Structures are given as structure tokens and as C-alpha cells.
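Before any comments, here is the structure.
The values are calculated or read from the model by the stated rules, or taken from the named source; none is laboratory data. Since the model is a prediction, treat every value here as computed from it, not as a measurement. When we count neighbours, we look across all protein chains shown, and the Cβ atoms used for this are built from the backbone with ideal geometry, even at glycine.
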């Protein structure tokens, strides 16, 4: 099998794996929709108090809420994804088997995670967004071009999300227990992705800092491209730069880790 | 086959001639089992004290985030839906502590779906101890004190900064809200677990009502659509955790036309919710069929 076809098959596997859990997906859609409603009403009150807060009008702010709910599962902003499994393989020593396989460890997990992200976008992203559009006045673009531009930003965001979580998982080679590292990543991710509030509402220097950190590639970037608030090409460049840097760091850690690997229970 | 009432009579029950009839002794048995299982988990947690301290702090930090979001909002505005920061802090603090208590006591119940799926629930059924007590105390996580502590900080801030003409009734209302609110949220946890007997894979639906509910209650009811407020007042009575009694403390009218004495209803609502959740739990347990594998 060609390398390209191999990783495509791995990605398809990642997609199918999540597609199997239909009830769980429906439950997730329900929960994302409920949270979307609660957030939408609080944002309405906030923008009523201060219209044009952060440069968004009310419709844009509401749209941001529903983009956030759509990105929640895609970017793994409130839970854990493959990293939990990878950490477990490192902890138990199963990783040694993986390292003997004639595939690249990082690319393998990347392909599987992209399959997962695609499923989450279709399974848990579309329906809450439709519900939001039905009940609130959203600032959704009418032409296909902004949507396509947003999709590219979502794909690049998913790449950054993977790169961050891959680095976190590899720490298990040294720490052996990933719970603490995963919790810290989860906390920083929720805060700096703009899941709590759009980053342009963050005051002063905190807002400036949040805008340049990699987590802004996960939610703020796709939302701003969809809303027409950011230049797509500039956004892509920002996301690509972070993706390249973080993937390279992940690769460095990977080679350092495999050089020192001590198999548990072997 | 899995009905608790049909389980074998045990030694403990033979000692008590009324065990077969009295709900009182069943409750007493359950509480005793709960205490013992919880104590076992606390002892095992305390074997790694540093880890306990870190996860408790993590719990504290994680739950602080929604209040940080409120603080960020108030860095831009002075009022939200006509409410000041201390007023919202009172709603936040009371609901957070109430939810934290329920989460500490029976927050592990959301694992029930997994137990139904992988068949480990069967192990609990053959033990001569009420299943509810076993599921509720399973993996008792003392680190959840972090959430309660965080809620208490916000509540303390609210009580210090609020400008209220305190009366004995209003002072009494604060512990009343926290206690009855804990009962109401506890009932939601149990009802959610009962639902998982039917939909084994749907633990996230429970999150919508537990975490979604506590997020909703952190903001004043005036923010939300009337139908939503009606729903959480009359259908799923979360409003009695803090909205109805809290607005009485703040001297503000409730957006729905409710008589003022309802502010004192939370304990009754809490007990009624627990009774209903108990019925749902028994129905769920009766419908349980093991995976059989």
C-alpha cells in the first residue's frame, strides 16, 4: 500500500470509530445546543449593555457562540482525545510495538485525529449551528466563498490542536502519568482559545497575549474568517506557522523520547 | 431478575425483622454502606497526598473559569441584565456551592452508563447493599472540595460587598439555598443516572442538565427567554436552587408572577425532587438487563 493510501485508511478509521457511537454523538449535539442557548443569552445581555464590544455587533457575537459550540468537539476543547490513549500506550509499554511498525508515529496519530475531527465537524458541528441559526439572528455569510475560507481555517486549526496535544502526550515518556499535563492543557486551551469569551473582548495586554498564542488558531481564527473580521490569508499564515513550529517540536521530543525509551513491563 | 427487591436475604437483614418492610432501615443500610465505601476511597486518595493536593487545586482552578469569564465581562460593562457584579456573585456562589455539594456526594453517578455497557454493574447487583449507595459512593472524589471552596470564595465576596438590609429570614435563606439546592442537583444526578439505564451511551445528556443547569443559574433569570425560565421553574425546578430565593434576598422581583412565599419553598421542592428521582431510579434499575457477556 502506498504511504498516502495508508494514512488515508487510518484517517477513515478514525472517522468510522467515532461514527459508531451514534447515541453518544446525539447526546453531544444536545449538550452543545443547550450550552449554545445559555451562552447566546448571556452574550445578548452583554452586547445590549455595550454594542460593538470587541468590534462585533450583536449578530456577530451570537454567531461566535455557535461557531464555538461547533468547534468544541472538533478542536477537543472540553475533553480529551487520542492523547489519553497514546499516554496509556506509553505508560503500559505498548508504545514499543508501535515504534517497530514501519509507519511514522506522529503521522499515524495525525491521520487518525484528522478523521476524528472531520466526523466531529459533521456530527457535532452542523446541527447545533443550524439550531442557532433557527432561533437567533446570526451573521452568516450568504456566498459559498467565506464558508470555504472558514473550512480551511478549521482544518488548519485542527492541525494546531493535534500538534499541541501530541506534545502533551509525549511528556508521558518522562512523567509516566499524563493526568496533570492533560489537565493543564485543557485549562489553558479553554481559556486562550476564546471558548469563555471572544479573545477580542479580553482587556488590554491579556487580549494581545491571547491573540498571538497558538490556541487562538482553534476557535477565534475560524470564527473571524467566517465573520469576515479577519483576512483569510493572514490567518492561514498565522495558523500554519504555529502548526509547523509545534509539529516540529513534537517531532524533536519524539526522537529524544525514542532514544531513551525504556519499555515498561518488558 | 435484577430487581433489588428480589435479591437474596442477607445476614444483616435477618438481624432486623423489619428489614423487608421498612424503607427506613433500607435508607439506613444504604447510608451506612455509602459512608463505608466513601471512607475507603478517601483513605486510598490520601495514600498520595501530593497528588490529592494537586488535583484538588486543579478542580478549584477549573471551576474558577466560569467566574473568570464573568469578571472579564465586568471588565467591559458595569451591569449585566441590570445586575451588578456582587448580585451576580450571590447567584453564582449559592448555585456553585449547592452544585458542588451534590457533585461531591454523588457526582460519580455519571459513570453508570459505562457500567451498564461493560457489565460491571452486575457485580454491584449481587452485593447485599443498595445499588444506589454503591454507585453513588463509587470513586468518591474528595478533590471535588475544590469546586465547593471556589463557590464559597465567590459567595463570601458577594456577602461582603452586597448592600442588603439583612433580616433574619434573609440570613437564614443562604444556608437554606445551599442545602436545598444540593438536594435538587442531587436529584438531577440520580434521575440522569436512571436515564442511562435506557440510553447507555448518553452520559452527555446528563451534562446538559447538571453543568448546563449550574451555568444557567449563575446568571440572572431576566437574561433568558420567558419560556426557558418557565421550563426551569415549573418543569425541571432548578430555579428553586437560587433564582427564586436569591431574588428574594436581593429584593428583586422574579420575572414570572410567583407569590413571594415561594422563596421559602426550596426545601420542599428539594425533597419532592429527590422522591421523584428515587422513583425514576427504581424504574431504571428494574428495566436493567445485563449485557450477558
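Overview of values
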read-out: Answer from B:48, B:24, B:34 - the residue that is loosely packed, with under 12 Cβ neighbours inside 10 Å and more than 12 Å from every other protein chain (Cβ to nearest Cβ); value: B:24
read-out: Residue that is nearest to the other protein chains (Cβ to nearest Cβ) [pool: residues in region A:1-51 that are closer than 13 Å to residue B:208 by Cα and in contact (Cβ under 8 Å) with a residue 40 or more places away in the chain]; value: A:28
read-out: Single match in A:55, A:68 (criterion: at pLDDT below 95 and within 14 Å of chain B (Cβ to nearest Cβ)); value: A:55
read-out: Residue check for residue B:69: surrounded by fewer than 21 Cβ atoms within 10 Å (Cβ to Cβ), within 12 Å of chain A (Cβ to nearest Cβ), within 24 Å of residue A:198 (Cα to Cα) and in contact with a helix residue (DSSP H, G or I) (Cβ under 7 Å, 6 or more places away or on another chain); value: no
read-out: Qualifying residue in region B:83-98 (condition: without any contact (Cβ under 8 Å) to a residue 60 or more places away in the chain and within 24 Å of residue A:179 (Cβ to Cβ)); value: no
read-out: Of the criteria (1) within 18 Å of the chain's Cα centre (by Cα); (2) surrounded by fewer than 16 Cβ atoms within 10 Å (Cβ to Cβ); (3) not in a helix (DSSP H, G or I), which one residue A:177 fails; value: (1)
read-out: Helices (runs of 4 or more DSSP H) (entirely within region B:45-129) containing at least 1 residues that are more than 26 Å from the chain's Cα centre (by Cα); value: B:49-74
read-out: Tally, over region B:214-242, of residues that are within 14 Å of chain A (Cβ to nearest Cβ), assigned to a helix (DSSP H, G or I), surrounded by 15 or more Cβ atoms within 10 Å (Cβ to Cβ) and in contact (Cβ under 8 Å) with a residue 24 or more places away in the chain; value: 8
read-out: Unmet criterion (only one of (1) within 14 Å of chain B (Cβ to nearest Cβ); (2) part of a helix (DSSP H, G or I); (3) within 30 Å of residue A:44 (Cβ to Cβ); (4) over 14 Å from the mean Cα position of the chain (by Cα)) for residue A:183; value: (3)
read-out: Residue A:40 surrounded by fewer than 20 Cβ atoms within 10 Å (Cβ to Cβ), part of a helix (DSSP H, G or I) and more than 20 Å from the chain's Cα centre (by Cα); value: no
read-out: Residues within region A:55-114 that are surrounded by fewer than 22 Cβ atoms within 10 Å (Cβ to Cβ) and part of a loop (DSSP other than H, G, I, E, B), tallied; value: 11
